[in-house]
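The values are calculated or read from the model by the stated rules, or taken from the named source; none is laboratory data. Since the model is a prediction, treat every value here as computed from it, not as a measurement. As a convention, Cβ positions derive from the backbone with ideal geometry for all residues, glycine included, and neighbour counts pool all protein chains shown. Surface areas here come from the heavy atoms of the whole protein model, side chains and all, with no ligands, DNA or RNA. Shrake-Rupley method; radii C 1.70, N 1.55, O 1.52, S 1.80 Å.
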Amino acid sequence: MRIGFIGLGIMGSGMAHNLLRDGHELTVWNRTASRMGPLVEGGASPAVSAAEVGEFCDVVMICVSDTPDVEQVVLGDHGVLEGIRPGSLVIDHSTISPSATLELAAAVEAKGAFWLDAPVSGGSEGAAKGTLSIMIGGDAAQVERAMPYLKSVGQTITHVGAQGAGQLVKVVNQILVVGNQLAVSEALLVAEAGGLDLEKTLDAVKGGAAGSWMLSNRGPQMIQRDWRPGFTIDLQQKDLRLVLEAADNLGVPVLGTSLIFQLYRSLQTRGLGSEGNHALVKALEEMCGIYVGESPD
Ligand code: NAP
């Protein structure tokens, strides 16, 4: 089995490294060719296009930014569809529109190949360590077939339903992520305003009922005012648009998530879209003139 990986960004590069670590024969392609370097040094073969990945590989894993980007690498010029063989399997780890997913899957199936939507959660840390949560939509036999490769990149692997269901579970995941991020932001600001030692405060609460991935992983970064992204605000907004669209289609009020979308929007307007999503706290800081951690930046 030859495995292909398309999209070697923050997430994809970690995932591809873990496939190599586990001894899988790997072909990689990234739009910006220089990003293939470390993987090629580690033993992966570079492809010249996404079409070539489709041609050479039995299983093609994709992790690019947004819906139009998956459409481009699959359906566009020199895309996967140009090279793919009947019987091959495409696994999309990007977070994209559930409805566009069905159209992409149909195009791949028209070539006699298979499609799984398999978005991930667990951040850059999870991608690097191979401990991602993977939520999968698609045919059970194909999930079984994908399992050896999914196990290289993830720890909690859940087949949640038919095609598109993986992306809908990811929408659910993102409601929880940003709600949590807002809670961590408000909590650290109150601690700061009250003159508490922020590190001791984190130590005191993170093991109790208030503990969360966001608090443990991003709380210390916020205290250090380290805004480097595990997940950028721009990509977070892309996901929140998917949440708002899905909730609208389903007739569900998402009041809190809508508010958080507006807070992130204000940060994008200030030119902060490439910072990590934990910079949400900056929107609250602006309202009160109190700054978490060190002096205002
Ligand atoms: P990233 O670091 O910005 O990487 C994006 C990747 O997509 C790069 O390899 C980029 O290529 C490629 N790409 C974008 N548009 C493309 C196009 N039109 N054609 C070809 N390649 C294209 O993003 P990331 O954080 O790894 O996120 C990737 C996906 O995983 C997104 O859907 C995101 O929502 C999801 N995700 C991210 C996280 C996280 O914590 N970061 C967690 C869970 C899920 P270039 O190198 O040429 O720009």
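Scoring ASN217 on the criteria (1) part of a helix (DSSP H, G or I); (2) open to solvent by less than 20 Å² (accessible area, probe 1.4 Å) leaves a single failure, condition (2). A count restricted to segment 176-214 and to residues that are open to solvent by 60 Å² or more (accessible area, probe 1.4 Å) and closer than 19 Å to LEU263 by Cα stands at 3. In segment 1-35, of all residues being surrounded by fewer than 22 Cβ atoms within 10 Å (Cβ to Cβ) and hydrophobic (A, V, I, L, M, F, W, C), the one that is farthest from SER94 (Cα to Cα) corresponds to MET1.
Taken together, the residues in segment 220-255 that are small (Gly, Ala, Ser) and surrounded by fewer than 16 Cβ atoms within 10 Å (Cβ to Cβ) amount to 1. Of everything listed in (1) open to solvent by less than 50 Å² (accessible area, probe 1.4 Å); (2) of a type outside the set (D, E, K, R); (3) assigned to a helix (DSSP H, G or I); (4) in contact (Cβ under 8 Å) with a residue 24 or more places away in the chain, the single unmet condition for SER258 is (4). Just one of the numbered conditions (1) touching a residue at least 24 places away in the same chain (Cβ under 8 Å); (2) over 22 Å from SER13 (Cα atoms) is not true of ARG218; which one? Among (1) touching a residue at least 24 places away in the same chain (Cβ under 8 Å); (2) over 22 Å from SER13 (Cα atoms), ARG218 violates only (2). Consider VAL153 carefully, then state whether it is β-branched (Val, Ile, Thr) and open to solvent by less than 20 Å² (accessible area, probe 1.4 Å). Yes, satisfied.
Within segment 126-145, the set of residues being surrounded by fewer than 23 Cβ atoms within 10 Å (Cβ to Cβ), more than 15 Å from the ligand (Cβ to nearest atom) and within 15 Å of ALA165 (Cβ to Cβ) comprises ASP139, ALA140, GLN142, VAL143.
Okay, residues lined up against (1) under 18 Å from HIS159 (Cα atoms); (2) not assigned by TED's automatic domain parsing to the domain that holds GLY230; (3) not charged (D, E, K, R):
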{"site": "GLY54", "(1), (2), (3)": "no, yes, yes"}
{"site": "MET61", "(1), (2), (3)": "yes, yes, yes"}
{"site": "VAL64", "(1), (2), (3)": "no, yes, yes"}
{"site": "GLU144", "(1), (2), (3)": "yes, yes, no"}
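Among residues of segment 95-113 being crowded, with 24+ Cβ neighbours inside 10 Å and either part of a loop (DSSP other than H, G, I, E, B) or among the acidic types (Asp, Glu) (or both), the one that is nearest to the ligand (Cβ to nearest atom) is THR95. Of the residues LEU39, LEU116, the single one that is assigned to a helix (DSSP H, G or I) and at pLDDT 95 or above is LEU39. Can we say LEU202 is of a type in the set (A, V, I, L, M, F, W, C), away from the ligand (no atom under 14 Å from the Cβ), closer than 27 Å to SER97 by Cβ and in contact (Cβ under 8 Å) with a residue 12 or more places away in the chain? Answer is no for this residue. Restricting attention to segment 114-125 and to residues that are of a type outside the set (Phe, Trp, Tyr) and in contact with a strand residue (DSSP E or B) (Cβ under 7 Å, 6 or more places away or on another chain), the residue that is farthest from the ligand (Cβ to nearest atom) turns out to be LEU116. So in segment 43-65, with the set limited to residues that are outside any helix (DSSP H, G or I) and open to solvent by 50 Å² or more (accessible area, probe 1.4 Å), which one is nearest to the ligand (Cβ to nearest atom)? Among those that are outside any helix (DSSP H, G or I) and open to solvent by 50 Å² or more (accessible area, probe 1.4 Å), it is SER65.
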